[in-house]
1. When a/c is below 1.5 the answer is rounded, else prolate if a/b is larger than b/c, else oblate, so apply that to the range 109-165 with a ≥ b ≥ c taken from the square roots of the Cα gyration tensor eigenvalues.
2. Counting other C-beta atoms within 10 Å, which of 328, 462, 284 has the fewest, and how do the rest follow?
3. Could I have the simple spin-label model distance between residue 285 and residue 107, label points 7 Å from Cα toward Cβ, reported in nm to one decimal?
4. Can you give the extra length, in nm with one decimal, that the chain gains between residue 451 and residue 476 once fully stretched, where that is 0.36 nm per residue apart less the Cα-Cα distance?
5. For the residues 318, 169, what sequence is obtained by ranking on other C-beta atoms within 10 Å, fewest first?
6. Along Cα→Cβ, 7 Å out, is where each label goes; now give me the distance between the ones at residue 128 and residue 207 in nm to one decimal.
7. Subtracting the Cα-Cα distance from 0.36 nm times the residue separation, let me have the gained length for residue 249 to residue 269 in nm, one decimal.
8. For the range 153-219, state what percent of all Cα-Cα pairs lands in each successive 10 Å bin, counting from 0 Å until the bin that includes the largest distance.
């Protein structure tokens, strides 16, 4: 909120002397506020000449009001160029009567937006090494996967030049902030605090310490770093969550087992009665009855005939019961295979504690490490610095190629890797891609000098750029988006995680068969030997 000093005809000369002493002090970096209302044109001329030799700023708010009959002419003093002193411009006229008040004039923004007499040094961050022509590089769409954020900001900066028409020269720096609290030791922060550059075109992360040393403008880009990897298959080790058990609840499984036992007992009882009543000499063992029920449940038919009506009813009810259970079971498995997502890691902790190798992009990691307090990030840093075989630093292209091979997670800024992924991954591999954020995505803001004289004016222009969609245009042009996964007609493959239960049951069956077969062989051999022994006894 602006505060103005109201000057009367008596006190304005004393305040002019005070202001003249202050504005020539090099430590005086604040905006100047003042309002003088006078009717004397001589005093007005004195004030005008005095203000012309003062070291004013572009954002100075010094207003002079000269009354002439029923009209107040409002003038403002500010410095529109690099020279010392101010310039007097008529910004408004106020006509008033007892019944009516009218104003005519321009807004402060419209008065001051023309900076054609200025030549500003603009600082930009370029992280790619050995760039011989940074101006062309910042406008090159073909290499948007390098410094994409800075290229978006450079596009916005060109719109700012179109609005304000100032001359400019480029100051390139390879970093944003240092790791200290204020971050003013190196990079963009250093060239601003040492006045090597007048303004900044790059955006940076806003922290509590940096707010004390810099002003931040409009947000232009979400800084997002994530671990990217192809979804590994996680096998279910818990029998309660096994794929073969899931279709039915525990109560359904118990009920089906009890019904099967009852049907077996009923079938055995009816067959026994048929043997006694109908003089059937063939007797069926319990094993035969159980195999009969298994054949019913698996829809393989029956080979145990019934002669009685009761037996036919038992067989029919058993067929209907097993038919419904079989169809419910198979349809549940098929629908689960079609609709369920692959189980994968859901948190950073699960990923770090997994058996995946981890690669790290140095630039993105250095930025996120300074802005993060997650102990897992510092844990990864210590392992990478100690040349751990599982955690290492690598370039984006190498990291993407290792992601494609599998069993590898890569930490990088998302927009940096999207372009390489789109070029090297197939559609199926893109659909298998999974991301876990290393930290909460954070909006980056245009960095400016603390209480800089261009901040207030430029903030209005930046918001106009956002309002008219120019920021979105630059983001579409230079920001890489995640490649789309196009759903095509694909076969849902039955993997080992689905077939392992059936294979285990088959192995158990073969094992039991082998054991029983050996027991039968031993038993048969023993019986034969005894019979032969009994025959040989005289």
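Read-outs throughout are calculated quantities, based only on the coordinates presented, and are distinct from any laboratory measurement. From a predicted model like this one, the values you see are computed outputs, not experimental measurements. Backbone-built Cβ (ideal geometry, glycine too); neighbour counts: all protein chains shown.
1. Prolate, because a/c is 1.5 or more and a/b exceeds b/c.
2. 328, 284, 462
3. Placing both labels 7 Å beyond Cα along the Cβ direction yields 9.7 nm.
4. Between residue 451 and residue 476, full extension yields an extra 5.8 nm.
5. Fewest to most other Cβ atoms nearby, the residues stand as 169, 318.
6. Taking the two extended label points, one gets 2.8 nm.
7. Between residue 249 and residue 269, full extension yields 4.2 nm more.
8. Per 10 Å bin, starting at zero, the Cα-Cα P(r) for the range 153-219 comes out as 18, 52, 26, 3 percent.
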